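The structure appears below as structure tokens.
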Amino acid sequence: MYFALVLVLNATVAGSPTLHAALKPLEWLLGCWKTTDGFGHYPTIKDFHYMEQIEFFHVGQPNMQFMQVNLFAVLSFCCII
């Protein structure tokens, strides 16, 4: 399988908490990332294309949360923060 992730949204929402100092090295991850085109190949099933979306966010604590979604490439989706 292969895919390429591109950042589609990286914005600070008004009123969002301050990023904890422990997360500063990972700040570049914050935002919504989406694949350009994923391709899967397994010997026992038909080849397929898919899309993947992952969003990294924080709540001001020394940890980071994420949400991840996979979809068949024939469907479209967008990130809403």
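Within a 10 angstrom radius of the beta carbon, how do Trp33, Trp28 rank from fewest other beta carbons to most?
Details: Trp33 20, Trp28 10.
In increasing order of surrounding Cβ atoms, one gets Trp28, Trp33.
Lys24 versus Ile45, label points 7 Å from Cα toward the beta carbon: distance in nm?
4.4 nm
Quick note: the coordinates plus some simple rules give every number you see, no bench work behind them. Nothing here was measured: the structure is a model prediction, and the numbers come from that model. Cβ sites come from the backbone with ideal geometry, for glycine too, and all protein chains shown count toward neighbours.
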